[in-house]
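Got a structure for you, questions after.
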Amino acid sequence: MSRGELRKLDTRIKTIKKATLELKQLSGGIQAIDRNAERILASVKMLEINISDVKDLV
Amino acid sequence: MKTSLRASDVYWNPIIETLPVEKMRELQLKKFKRILEWAYERSKFHRKLYQEAGLEPGDIKSYEDVARVPKVEKSMMRDIQRKDPFPYGDALCVPLEEVTEFRQTSGTTGTPVYQPDTWQDWEWWAEAWAYLLYAQGYRKSDRVFLPFGYNIFVAFWAGHYAAEKIGCEVIPGGVLDTEARILKIQELKANAMMATPTYVLGMADTAKKKLGIDPARDLTIRKITCAGEPGASIPSTKQRMEEIWGAKVYDHVGATEIGAWGFECTAQPGGLHINEALFLTQLEDIETGEIIEEPGRKGKIVITALDRIAQPCIRFDSKDVAEWSKEPCPCGRTFRIIQGGVVGRADDITKIKGVLIAPSAIEEVVHSIKGLSNEFEVIVTKKGDLDNITLKIEILPEDEKNQEVVLTQLKDQLRLKTNLGYNIEVHPFNSLPRYEVKAKRFKDLRKHG
């Protein structure tokens, strides 16, 4: 996979992260939103480890 | 996308698993600096440790600089947990309310160490296991049986979550007894399993003797992932397991305080890959502390979990002894290999009659002799100035008539492979202790007078 393709993936990962953080901001403290958003963020971190961290090394 | 389907058929993450070595070191250095800074800013324990060494995170500029960072030993972790916040102490890097997982070490080497993890850490545990299970051929179509007690020890918990992550169907064999587990494997036609080598062999014994089931013929398990003991990297023990189950047996190595850091792949290269995507591993000379880069020289493993955040594991002195392999793996991964897996522990490798020996060397011999049961016990004592080794073994009932031949083979092989003489005691079949999890077969009574 090329660096360009990895950067595209990284952009999408950032979009998911931003949207998830926004969900938390808009949740009004509803735990059904906050806690599920936390789980999404944990999965986003795994995407960062697998893609974002390495995108400039390929 | 240029990454072919074939690459993603073989690797969980083909980008990282085939990264050239120099790029891998670059990635590891970047991540090492990140976790070091994280711990320095949030953990009183780490900050004090580094300040006392006159070191700040910004001082680490090259891969070689990593060795300047002070090591952490298990005994330090035990001291930490006597401090606040309860029950983990001041190496905790997140607010207590962000901890979602508690596990503890088995206590084999002393007071158990408590290990906190956030949900992100738990995802990371499963990610590490996903790398290893995928490398061992686990796929969505697999039905995986986990015959372990789901409790406070991390054991195969993350294997369960990783198998789910891969998309396997997971059967938790939790509180079932051994016979019920075997029958459930048979009923559901499970094709993969995770257990300690001791339990893999013990299950097969129970299947044959109590249920009249031949695991290779009557069950459908075709791959087994082992952990907790070195058995799956000991050729004769691996062979016993593979023959009796008719399955491929793969090793994996990890620890509660570290994570799942090493694994065997389907190429079975005679060693374990380090998961260098998630861990930075260095081999240190046991006596001088010099970093070992060349193959063929044993050292102890000092390891950093590069992405674990609740209680970081930075330059942890694992006491595990290994050596780098000479050969790259035919699987194509650039992750380095430790030859023969973990060959012992720095505090287990002991000098007997002037000869350095690891307990795994004795296991390799005992399990290579046909006619001996899977169980044995080694007891080292001192009489005056002389070391004495007693090896307790059992002869299989069907081989009792060949006892003399079996014992001669055993003595010859022990002398050849370990350069030591033993007092061999033959015990009745089924009389030596049986273990379900980690076996304790090596007892050095010299240390206790």
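Here, each number is a calculation from the coordinates, and none is a lab measurement. Just so it is clear, the model here is predicted, and its values are computed rather than measured. Virtual Cβ from ideal backbone geometry, glycine too; neighbours counted across all protein chains shown.
Find the centroid of the Cα atoms in the range B:335-371 and in the range B:235-273, then give the distance between the two in whole Å.
Centre-to-centre distance over Cα atoms comes out at 15 Å.
Here is a further query. Do any of A:K24/A:K45; B:K223/B:K440; B:K319/B:K383; A:K45/B:K83; A:K18/B:K30; B:K370/B:K411 go past 18 Å between their Cα atoms, and which?
Over 18 Å apart, Cα to Cα: B:K223/B:K440; B:K319/B:K383; A:K45/B:K83; A:K18/B:K30.
Whole number please: convex hull volume per residue of the Cα set in the range B:262-383, in Å³?
Cα convex hull per residue, to the nearest whole number: 164 Å³.
Here's another thing I want to ask about it. Once the Cα gyration tensor of the protein assembly as shown is found, what semi-axes does its equivalent ellipsoid get, as square roots of 5 times the eigenvalues, in whole Å, sorted largest first?
Square roots of five times the eigenvalues give 40, 28, 22 Å.
Next question. May I ask for the equivalent-ellipsoid semi-axes of the range B:371-449, computed as the square root of five times each C-alpha gyration tensor eigenvalue and listed largest first in whole Å?
23, 17, 10
Calculate log10 I(q)/I(0) of chain B for q = 0.06, 0.08, 0.13 Å⁻¹, where I(q) comes from the Debye formula with a single equal point scatterer on each Cα and nothing for solvent.
Cα-only, vacuum Debye calculation for chain B: -0.27, -0.48, -1.27.
Could you give the dipole magnitude of the protein assembly as shown about its Cα centre, charging the beta-carbon of Lys and Arg +1 and that of Asp and Glu -1, in debye to the nearest 20?
Result for the protein assembly as shown is approximately 520 debye, rounded to the nearest 20.
Of B:M24, B:S75, B:N13, which is farthest towards the positive pole of the range B:8-84's charge dipole, taken about the Cα centre with +1 and -1 on the beta-carbons of Lys, Arg and Asp, Glu respectively?
Positive-most Cα among the choices belongs to B:S75.
Using +1 at the C-beta of Lys and Arg and -1 at the C-beta of Asp and Glu, which of B:H160, B:G149, B:L445 has the Cα lying farthest in the positive direction of the dipole of chain B?
B:L445
Do the alpha carbons of any pairs in B:K382/B:K417; B:K23/B:K417; B:K74/B:K298 sit beyond 29 Å of each other, and which pairs?
B:K23/B:K417
Which is farthest toward the positive dipole end of chain B among B:L219, B:C329, B:T105, measuring Cα position about the Cα centre, with Cβ charges +1 (Lys, Arg) and -1 (Asp, Glu)?
So the residue we want is B:L219.
Please compute the modelled spin-label separation between B:K140 and B:L176, points set 7 Å along Cα→Cβ, answer in nm with one decimal.
Label-label distance for B:L176 and B:K140, simple model: 2.6 nm.
Under a cut-off of 18 Å between alpha-carbon atoms, report the lysines in cross-link reach of B:K210, not counting same-chain residues fewer than 8 places apart.
Within the straight-line cut-off, B:K210 pairs with B:K184.
Under 12 Å from the Cβ of B:T111, count the other residues' Cβ atoms, weight Lys and Arg +1, Asp and Glu -1, and hand me the total.
Value of the local net charge: +2.
Something else about it: Take the alpha carbon atoms of the range B:113-158, find their center, do the same for the range B:280-331, and report the distance between the two centers in whole angstrom.
22 Å
Compute log10 of I(q)/I(0) for the range A:3-54 with the Debye formula, placing one identical point scatterer on every Cα and leaving out solvent, at q = 0.13, 0.20, 0.25 Å⁻¹, to two decimals.
At q = 0.13, 0.20, 0.25 Å⁻¹ the computed log10 ratios are -0.34, -0.66, -0.86.
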